[in-house]
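Chemist: Here it is, the structure, as structure tokens.
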């Protein structure tokens, strides 16, 4: 997307028409989200995180093991580097003038370093970049006027009781061509009703050429541990279409190391 087009899109996103009935956030959802962030961070400010982990990548009956480094800076930038037996994969998320974008690359150990990044479809970049670290997700963005928070009640999720919060990106009615994007920005957060720690984040991904086909994805968090005053999930699972596709066991977590923007660059 050209810079002029990006700036025009950003103007549309942040300047709703005053004559229109714009959805607003539910105060209970905002309160629960803020309490969840407080439960994870206390009074600690978090700017970035690096997780070192062992991973198992599962596709059908095939399972490959290896290691991973998962990094996030703020709520817009993330990078996941996975090394498995004979293969490697990198996933990057970033933003340009506030508009999210991303790219990935996958290859054999011998060819990986020479392969170019492949862009994600833009409609797959509106959910949380830091999907593996709840502190830097949209739960922390309760003051963001372009996000709408709703509380859907207490319900069973994955056989446990949770508080359910839904968040979506606000696109003004004036930008009719952007309305389909509102649906692809939706993410659901499931909080433990006692600790208020996030147990899961759910959202849909889509084929690159079809934003209307939904493929359920879910991130589950377990075994939180206190690291420098911050609750960090030490076991993370990524489910695709209900099946575990990536199982992550965190071996160490580094907070506020001062990550630069360079690792998150997408050409």
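We did not get these values from a lab; they are worked out from the coordinates using the rules stated. Everything numeric in this text was worked out from a predicted model, so none of it was measured. Here the Cβ positions follow ideal geometry from the backbone for every residue, glycine too, while neighbour counts run over all protein chains shown.
Chemist: Inside segment 209-266, counting only strands (runs of 3 or more DSSP E) that do not spill past its ends, which hold 3 or more residues that are free of Cβ contacts under 8 Å to residues at least 24 places away in the same chain and surrounded by 15 or more Cβ atoms within 10 Å (Cβ to Cβ)?
Modeler: 230-240
Chemist: In addition: Taking residue 92, is it surrounded by 18 or more Cβ atoms within 10 Å (Cβ to Cβ), under 14 Å from the mean Cα position of the chain (by Cα) and over 15 Å from residue 133 (Cβ atoms)?
Modeler: Against the criterion (surrounded by 18 or more Cβ atoms within 10 Å (Cβ to Cβ), under 14 Å from the mean Cα position of the chain (by Cα) and over 15 Å from residue 133 (Cβ atoms)), residue 92 qualifies.
Chemist: A follow-up question, please. Output the number of the condition that residue 128 fails; it satisfies all remaining conditions of (1) closer than 17 Å to residue 22 by Cα; (2) not in a strand (DSSP E or B).
Modeler: Looking at each condition in turn, residue 128 falls short on (1).
Chemist: Here is a follow-up. Among what's in segment 46-67 and is touching a residue at least 60 places away in the same chain (Cβ under 8 Å) and not in a strand (DSSP E or B), pick the residue that is surrounded by the fewest Cβ atoms within 10 Å (Cβ to Cβ).
Modeler: Result: 47.
Chemist: A follow-up question, please. Can you name every residue in segment 114-143 that is over 16 Å from the mean Cα position of the chain (by Cα) and within 28 Å of residue 229 (Cα to Cα)?
Modeler: Scanning segment 114-143 gives a single hit, 143.
Chemist: Another question, then. Can you find a residue that is over 21 Å from residue 79 (Cβ atoms) and touching a strand residue (DSSP E or B) at 6+ places or on another chain (Cβ under 6 Å) anywhere in segment 245-266?
Modeler: There is no residue in segment 245-266 that is over 21 Å from residue 79 (Cβ atoms) and touching a strand residue (DSSP E or B) at 6+ places or on another chain (Cβ under 6 Å).
Chemist: While we're here: Identify, by number, the condition in (1) at positive phi; (2) within 14 Å of the chain's Cα centre (by Cα) that residue 97 doesn't meet.
Modeler: Only one criterion is unmet by residue 97, namely (2).
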